[in-house]
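The values are calculated or read from the model by the stated rules, or taken from the named source; none is laboratory data. Treat the numbers as computed from the prediction; the structure is a model and nothing was measured. Cβ: placed from backbone, ideal geometry, glycine included. Neighbour counts: every protein chain shown. Each accessible area value is taken on the protein alone, full model and side chains, heavy atoms only, with ligands, DNA and RNA left out. Shrake-Rupley method; radii C 1.70, N 1.55, O 1.52, S 1.80 Å.
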Amino acid sequence: LIQILDPVFLPLSIDLTVFVEPGKKSQVLVALQRTFSDTTYSDGRGGFFAPENFTFGMALSKSDLISAAMTVPGIESVMVSRLSHYGSNIDQNTIVPVKNEIIRVDNNYLHPSNGIINFHLRDNTAGL
């Protein structure tokens, strides 16, 4: 017996606190928005949350987010201050969807219920 399940999208709320090299906030913000987009670009590369990067039941951890963020030039350190289901205040280290769920973060502020990621940029003037 084969059971076919319809996909259920699992929107997330994510907050990243990002310490950047002095004077690099604007460049880093643009790069983070592209890095964590849900878009597949004309060069064939997709943003972190592009549909082809997540499938049924695929987990997401804070370390996955940190690793992706640290690829952006000008970032000194990153902290995931929130990783939760959209609408929940329960911070988790890893989101593990059930078998028919697919993680979704469209990052569209007009439709935050499709998943949202917030970037809190800080100049790292203290050398932390």
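Tell me which residues, restricted to the range 55-102, are in contact with a Phe, Trp or Tyr (Cβ under 9 Å, 6 or more places away or on another chain), more than 20 Å from residue 38 (Cβ to Cβ), assigned to a strand (DSSP E or B) and not hydrophobic (A, V, I, L, M, F, W, C).
Within the range 55-102, 76, 77 qualify.
Can you tell me which condition residue 61 does not meet? The list is (1) open to solvent by 40 Å² or more (accessible area, probe 1.4 Å); (2) within 25 Å of residue 94 (Cβ to Cβ); (3) small (Gly, Ala, Ser), and all the others hold.
Among (1) open to solvent by 40 Å² or more (accessible area, probe 1.4 Å); (2) within 25 Å of residue 94 (Cβ to Cβ); (3) small (Gly, Ala, Ser), residue 61 violates only (1).
Testing residue 125 on (1) open to solvent by 30 Å² or more (accessible area, probe 1.4 Å); (2) modelled with pLDDT of 95 or more; (3) β-branched (Val, Ile, Thr); (4) closer than 24 Å to residue 31 by Cβ, one condition comes back false. Which one is that?
With (1) open to solvent by 30 Å² or more (accessible area, probe 1.4 Å); (2) modelled with pLDDT of 95 or more; (3) β-branched (Val, Ile, Thr); (4) closer than 24 Å to residue 31 by Cβ applied to residue 125, the lone miss is (2).
When the range 31-50 is examined, which residues are found to be of a type in the set (Gly, Ala, Ser) and more than 15 Å from residue 64 (Cα to Cα)?
Of everything in the range 31-50, those that are of a type in the set (Gly, Ala, Ser) and more than 15 Å from residue 64 (Cα to Cα) turn out to be 31, 42, 44, 46.
Would you check which residues across the range 7-54 are open to solvent by less than 80 Å² (accessible area, probe 1.4 Å), part of a loop (DSSP other than H, G, I, E, B) and hydroxyl-bearing (Ser, Thr, Tyr) and list them?
Passing the criteria: 37, 39, 41.
Return the pairs, sorted by first residue and then second, in which the second residue is open to solvent by 30 Å² or more (accessible area, probe 1.4 Å) and assigned to a loop (DSSP other than H, G, I, E, B), the first residue lies in the range 1-23 and is under 26 Å from residue 74 (Cα atoms) and at pLDDT below 95, the beta carbons are less than 8 Å apart, and the residues are 6+ apart or on different chains.
22/125
Identify all residues within the range 66-110 that are in contact with an Asp or Glu (Cβ under 8 Å, 6 or more places away or on another chain) and either exposed (fewer than 12 other Cβ atoms within 10 Å of the Cβ) or among the polar types (S, T, N, Q) (or both); write none if there are none.
Result: 81, 84, 100, 107.
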